Amino acid sequence: MTRVYEDFKLNFGDPDDWTLNTVLRHHVAEQPDAPFLITPEEGLEWTYAEILGSAERIAGALTKSGAEYGDRLIIMAANSSRLVRSWFAAGVGGLVEVPINTNYEGEFLRHQVATVQARWAVIDDAFAQRFVAIAEHARGIEQFWVIDTGGGAEAVDLLRRNGWAAALWDELEDGPVLELPSPKPQDLGAIFFTSGTTGPSKGVAMPHSQLYFFAQIVVCLTRLTPADRYLTTTPLFHGNAQFMAVYPALVAGASAVVRPKFSASRWIDHVRDSGVTVTNFVGVMMDFAWKQPPRPDDLDNKLRAVYAAPTASSIVEDFKKRYGIEAFVDAFGLTETCAPIMSPYGMPRPDGAAGLQNADWFDIRLVDPETDREVPVGEIGELVVRPKFPGTCSNGYYGMPEKTVEAWRNLWFHTGDALRMDSDGWFYFVDRYKDALRRRGENISSYEVEQAVLGHPAVTECAVIGVPADVEAGEDEVLAAIVASEPVEPAEILDWCKGRIPEFAIPRFVRFVDALPKTPSEKVRKAALREDGITSDTFDRQEKVHGLPR
């Protein structure tokens, strides 16, 4: 019998309560003095009541300045309590939060500003010049509030000289407590932009209900309770930190520990110092932490659960023993759809499995991407998703109706991700369809090859692409671009792969690079690697005889 995820429960059973405003006010009524936000670098700790009070004053200041229900509020800032309080002010005051990647500038920034047509902006002082550089496209912004990180006065002056109203962010904290509108679950709560690896980034229009539901998924995955402290070290302009870390802590009535950035060498210190019980890893963070030298006090921590997407199955059991972790959990989803695939807490799962279908809330299928017809169990297909309850998926792409229609063709959201399902109901991520390879009749997952190469102690990053084969019907050859922490021979990498992945998937080409090309949101730009192709410094493991590989 095919298994499904059966541990999903709602902390707030009435869908009319699925807003940040309602959830925050509930906990203020129940536990006003409980700690909610902890920012160790600032030496600050905020109770639920204090966070609400701050959010109400900031929302009052925004409203007094002319902000209206549904206005977009750009937030472009490094992790801090002021960022969180600005985000919560938008949630309490009925504004639409638009977090912008702090690496964005030029065309990337112009596109997002022009797309959302925001009237208000909260930014770190370091980013004022970037808006000046795109001034003709940002005139719709009526006022900036500048977070002072050392150059606040200068940034305010620069913005004013270029025609904008601007003030230091601290003035928002002096706002009046007004009677504010109560956001409705179905109304737009945030616009999160995709990374745009193959074209302009798309703004995912997320209603308040979806933001809540995404957080609720993480509460269920990690069994989060008011006794927990959830650490996030990823940027708050990403959903991973917002609706998959801080917001879940809010839903559960727990505490959120927010630090500026991830440090592999200090990760366990950050866990220990703040009494963290739950945290998450994204991408290679788990591998980076694992490769730190073991310490005698690694077990001296309160860490109970880790949400790792993806979970590195080859090291997970040793990782749990080293740090005394009870459970690793995983899920698979997108900003557009929440996570319809979830792994049950503490349940053994096959290596590489992301989880089981949350069948009570989502329909999912694996289909042929050309025909949309469902593929047989065990075969690779594109994941398509359809919600069973309104408000649990996005409203589409903001200002891009043609992209919305394209993604939701045949009334299913098309993820572009290749997965397979086994006979027990476990789902496995294989690749992005555009990144999949085929070598001499065999399908190859670039993701699985990357995971194998990343297991080598000297490898810190790896991206695998297909390059044109030089034999008839060869389809692709496999190239691995590698960032290494120390000198290592290509042959050693290839030997490492033997026995870890099939022979046909072992890279033919290896190239060492100082850094992988990435988007401003830190996703690898594989298109750039494909454009470079086989360079003069690329190692080829096959000698050629009469033009054919031996």
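Scanning region 180-203 for residues that are surrounded by fewer than 23 Cβ atoms within 10 Å (Cβ to Cβ) and among the aliphatic types (A, V, I, L, M), which turns out modelled with the lowest pLDDT?
The qualifying residue modelled with the lowest pLDDT is Leu180.
Restricting attention to region 109-131, and to residues there that are of a type in the set (A, V, I, L, M), modelled with pLDDT of 95 or more and out of contact with any His (no Cβ under 8 Å at 6 or more places or on another chain), which single residue is surrounded by the fewest Cβ atoms within 10 Å (Cβ to Cβ)?
That would be Ala126.
So which of Val218, Val258 ends up being buried (at least 24 other Cβ atoms within 10 Å of the Cβ) and over 22 Å from Ala359 (Cα atoms)?
Val258
I want to confirm something. Restricting to region 499-529 and keeping residues that are modelled with pLDDT of 90 or more and not in a loop (DSSP other than H, G, I, E, B), which single residue is farthest from Val467 (Cα to Cα)?
That would be Phe512.
Here are Phe413, Phe389, Phe328: which of them is under 24 Å from the mean Cα position of the chain (by Cα), within 24 Å of Glu448 (Cα to Cα) and of a type in the set (Phe, Trp, Tyr)?
Phe328
Could you please let me know if Glu154 is touching a Ser or Thr at 6+ places or on another chain (Cβ under 8 Å) and part of a helix (DSSP H, G or I)?
The answer is no for Glu154.
Wholly within region 18-81, which strands (runs of 3 or more DSSP E) include no fewer than the required count, namely at least 3 residues that are modelled with pLDDT of 95 or more and more than 25 Å from Asn103 (Cβ to Cβ)?
Values: elements: 35-39, 44-47, 72-76.
Counting at least 3 such residues, we get 35-39, 44-47.
Scan region 239-297 for residues that are charged (D, E, K, R), at pLDDT 95 or above and not in a loop (DSSP other than H, G, I, E, B) and jot them down.
Across region 239-297, the qualifying residues are Asp269, Arg272, Asp273.
Test of understanding: among Ile134, Ile141, which residue is surrounded by fewer than 24 Cβ atoms within 10 Å (Cβ to Cβ), touching a helix residue (DSSP H, G or I) at 6+ places or on another chain (Cβ under 6 Å), touching a residue at least 12 places away in the same chain (Cβ under 8 Å) and not aromatic (Phe, Trp, Tyr)?
Result: Ile134 is the single residue among Ile134, Ile141 that is surrounded by fewer than 24 Cβ atoms within 10 Å (Cβ to Cβ), touching a helix residue (DSSP H, G or I) at 6+ places or on another chain (Cβ under 6 Å), touching a residue at least 12 places away in the same chain (Cβ under 8 Å) and not aromatic (Phe, Trp, Tyr).
The values are calculated or read from the model by the stated rules, or taken from the named source; none is laboratory data. Nothing here was measured: the structure is a model prediction, and the numbers come from that model. Note that each Cβ is placed from the backbone with ideal geometry, even for glycine, and that neighbours are counted across all protein chains shown.
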